[in-house]
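Inspection log for the structure reproduced underneath, given as structure tokens.
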Amino acid sequence: MILPLFLPFAWALSVNGEFGAFFQLGSISNVSRYYWNYVYCNIWEGECQPHQDDSSVQVPTEDAWSMFSEDYMQLLSDWYCSLGQCCETGDCRIINNITGLEKDLEQKLHGQHLAQAVVVRAIRGFLKNPSPEKALTLSFHGWSGTGKNFVSRMISDNLYRDGMKSHCVRLFISPFHFPHAKLVDVYQGQLKDWISGTVQHCPQALFIFDEAEKLHPGLIDTIKPYMDHYQDLDGVSYRRAIFIFLSNIGGAAINEVTLDFWHSGQNREDVDMEDLEPRLRTEALQSQGGFSQSQLLTGNLIDFFVPFLPLEYRHVKLCARDAFRSRGVSYSEEILDEVARGMLYVPKEEKLFSAQGCKSVPQRINFFLP
């Protein structure tokens, strides 16, 4: 498919006249630079003023594109869009690969049967609904290193062609983006602009708030209208947006329930949402920080509280295996055991749950690389 797209340009390089003379640039890099500039500026009419500060560069007029048929221009447009670049509506970057998400969660996420089930069910149901009543709001809870960020990346990778780099995805890290409480008024305005601007460009936008428990209550309440049951705000509908909050709130309660199951001889896979979701809601209401003081909880705007269980020794080994495979490095069961044994476990007397989850595994395996 690429060859037909470039044939007219190869022909243009060989002909005489204004258009042919323009492409006598002297290097392939110049051809590439001009090609993409004019694809963007002339086909998508982007806000660009290419090379206007360079008097040595001759910019051809729009008439230069008139030699190509409408069919060719549409073919070029479709191909360019398929690369995951920015289309006018943003739709070309949305892939909504639920099958891929389900497969990734099953194969790459270890020890989190509840997260696997809830995330797939929630997102599949939301995307299948042609007229959702509100934006989808998920709240991920658990210890650091249990997979909250990991699952967020899987969601973005399977819903958007460009993953976390997509213009439809916004990641906010509370201590980084909103570090000073005294500037909350400034942050509120910025946050409104970021959310409204992203949704206007891409109705099915994804917003991820990491370390959400550190968000100022005023900021959470600023987000609240976008997750509520409004038809629109200032003419813009936010009902197709997705909001994900990542928090350590409830980690102690999740660990306690999981440990009780282990002590009673039950499998961790027997833990279900009824055992954890009510406790997570209670922990969130009683916690210190923005969540407990916001209207997200009192207004029942969080659709799913998703618990991430503490990981056991066997799960850490699987994380180490994945890390070795991703680097193309061979490994043995002895090496995997060595990596897993180097992690910190709690309770200390039983050494049951990894206190670091899988977060420190990549750094740990560096000791075993050639």
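The values are calculated or read from the model by the stated rules, or taken from the named source; none is laboratory data. Bear in mind the structure is a predicted one, so any value in this text is a computation, not a measurement. Here Cβ is always computed from backbone atoms with ideal geometry, including for glycine, and neighbour counts include all displayed protein chains. Side chains are part of the model used for accessible areas, which takes the heavy atoms of the whole protein and leaves out ligands, DNA and RNA. Shrake-Rupley method; radii C 1.70, N 1.55, O 1.52, S 1.80 Å.
Got at least one residue in region 287-299 being farther than 25 Å from GLY197 by Cβ, hydrophobic (A, V, I, L, M, F, W, C) and open to solvent by less than 40 Å² (accessible area, probe 1.4 Å)? Before the answer, list the steps.
Our first condition is that a residue be farther than 25 Å from GLY197 by Cβ; within region 287-299, this holds for 287-289, 291-293, 297-298.
Within this subset, residues satisfying the condition of being hydrophobic (A, V, I, L, M, F, W, C) are 291, 297.
Now drop any that are not open to solvent by less than 40 Å² (accessible area, probe 1.4 Å), which leaves 291, 297.
Yes, some residue in region 287-299 is farther than 25 Å from GLY197 by Cβ, hydrophobic (A, V, I, L, M, F, W, C) and open to solvent by less than 40 Å² (accessible area, probe 1.4 Å).
What pairs come up if the first residue lies in region 213-236 and is within 25 Å of SER144 (Cα to Cα), the second is in a loop (DSSP other than H, G, I, E, B) and among the β-branched types (Val, Ile, Thr), and their beta carbons are under 6 Å apart, counting only those six or more places apart or on different chains?
Close Cβ pairs (under 6 Å, with a partner that is in a loop (DSSP other than H, G, I, E, B) and among the β-branched types (Val, Ile, Thr)) amount to GLU213/ILE249.
How many residues are under 24 Å from LEU301 (Cβ atoms) and out of contact with any strand residue (DSSP E or B) (no Cβ under 8 Å at 6 or more places or on another chain) when one looks only at region 162-181? I'd like the intermediate steps shown before the answer.
Filtering region 162-181 down to residues under 24 Å from LEU301 (Cβ atoms) leaves 168-175, 177-178, 181.
Checking the rest, the ones that are also out of contact with any strand residue (DSSP E or B) (no Cβ under 8 Å at 6 or more places or on another chain) come to 175, 177, 181.
Matching residues across region 162-181 total 3.
Just to verify a result, which residue in region 256-269, among those that are in contact (Cβ under 8 Å) with a residue 40 or more places away in the chain and open to solvent by 20 Å² or more (accessible area, probe 1.4 Å), is farthest from PRO347 (Cα to Cα)?
First, pick out the residues of region 256-269 that are in contact (Cβ under 8 Å) with a residue 40 or more places away in the chain: 258-259, 262, 268-269.
In the following step, the residues that additionally are open to solvent by 20 Å² or more (accessible area, probe 1.4 Å) were identified as 259, 262, 269.
Values: LEU259: 9, TRP262: 12, GLU269: 20 Å.
Across region 256-269, the extreme among qualifying residues is GLU269.
If you scan region 100-131, which residues turn out to be in contact with a Pro (Cβ under 9 Å, 6 or more places away or on another chain) and either at pLDDT below 95 or open to solvent by less than 10 Å² (accessible area, probe 1.4 Å) (or both)?
Once the filter is applied, which keeps residues that are in contact with a Pro (Cβ under 9 Å, 6 or more places away or on another chain) and either at pLDDT below 95 or open to solvent by less than 10 Å² (accessible area, probe 1.4 Å) (or both), region 100-131 yields GLN112, ALA115, VAL118.
For the structure I just gave you, tell me whether GLU349 is assigned to a helix (DSSP H, G or I) and surrounded by fewer than 19 Cβ atoms within 10 Å (Cβ to Cβ). Spell out how you get there, then give the answer.
Values: assigned to a helix (DSSP H, G or I): no; surrounded by fewer than 19 Cβ atoms within 10 Å (Cβ to Cβ): yes.
So GLU349 does not fit the description; no.
Can you tell me which condition GLN356 does not meet? The list is (1) assigned to a helix (DSSP H, G or I); (2) open to solvent by 10 Å² or more (accessible area, probe 1.4 Å); (3) not aliphatic (A, V, I, L, M), and all the others hold.
Result: GLN356 fails condition (1) only.
What pairs come up if the first residue lies in region 99-121 and is without any contact (Cβ under 8 Å) to a residue 60 or more places away in the chain, the second is among the aromatic types (Phe, Trp, Tyr) and not in a loop (DSSP other than H, G, I, E, B), and their beta carbons are under 8 Å apart, counting only those six or more places apart or on different chains?
Short answer, once both residue conditions are applied: LEU109/PHE150.
Consider GLY218 carefully, then state whether it is in contact with a helix residue (DSSP H, G or I) (Cβ under 6 Å, 6 or more places away or on another chain) and under 19 Å from LEU114 (Cβ atoms).
No.
Restricting attention to region 132-161, which residues are open to solvent by 50 Å² or more (accessible area, probe 1.4 Å) and either touching a residue at least 12 places away in the same chain (Cβ under 8 Å) or in contact with a strand residue (DSSP E or B) (Cβ under 6 Å, 6 or more places away or on another chain) (or both)?
Result: GLU133, TRP143, ASN149, PHE150, ASP157, ARG161.
Give me the residue from region 190-212 that is farther than 15 Å from ILE242 by Cα and open to solvent by 30 Å² or more (accessible area, probe 1.4 Å) and, out of that set, nearest to the chain's Cα centre (by Cα).
The selected residue is GLU211.
Please enumerate the residues belonging to region 89-99 that are open to solvent by 30 Å² or more (accessible area, probe 1.4 Å), farther than 12 Å from SER166 by Cα and modelled with pLDDT of 55 or more.
Matches in region 89-99: ASN96, ASN97, THR99.
What are the residues in region 197-214 that are more than 11 Å from CYS168 (Cβ to Cβ), at pLDDT 90 or above and in contact with a strand residue (DSSP E or B) (Cβ under 7 Å, 6 or more places away or on another chain), if any?
GLN200, ILE208, PHE209, ASP210, GLU211, ALA212
What's the number of the condition PHE367 fails, among (1) over 30 Å from ALA135 (Cα atoms); (2) of a type in the set (A, V, I, L, M, F, W, C); (3) modelled with pLDDT of 90 or more; (4) open to solvent by 50 Å² or more (accessible area, probe 1.4 Å)?
Result: PHE367 fails condition (3) only.
Any residue in region 350-363 that is within 19 Å of PHE261 (Cβ to Cβ) sitting within a Cβ distance under 9 Å of a residue that is open to solvent by less than 70 Å² (accessible area, probe 1.4 Å) and acidic (Asp, Glu)? List the pairs, counting only those 6 or more apart or interchain.
LEU352/GLU312; PHE353/GLU312; SER354/GLU312
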